[in-house]
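Take a look at the structure below.
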Amino acid sequence: RDTVVAALWDRDPRIAVWPLGEDGFALNPQTLEDGEDAIVLETVRAVLAT
């Protein structure tokens with residue numbers, strides 16, 4: 001989890017998430033602008049695939 005959180009923060013654009021539980025993370029979707037959800041989804045998938 002901590003590796004994923006760091007990898008998302010180190011990307012451009014940064015994706016700020018916080019640790020949740022022992023192996024999860026969360027983000028606040030209220031801060032996303034139109035279309036950014038697709039960027040977040042693509043980036044999270046890429047990070048999790050590595």
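A short reminder: the numbers here are calculations on the coordinates, not readings from a lab. What you see is a predicted model; the values in this text were computed from it and never measured.
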Tell me, what is the percent relative contact order of the chain, built from C-alpha pairs under 8 Å that lie six or more residues apart?
33 percent
In terms of modelled amide H atoms, which long-range or inter-chain residues lie less than 5 Å from the amide H of F25?
L20
Per-residue HN-Hα couplings for segment 37-42, Karplus 6.51 cos²θ - 1.76 cosθ + 1.60 at θ = phi - 60°, whole Hz, x for Gly and Pro?
4, 5, 5, 4, 4, 4
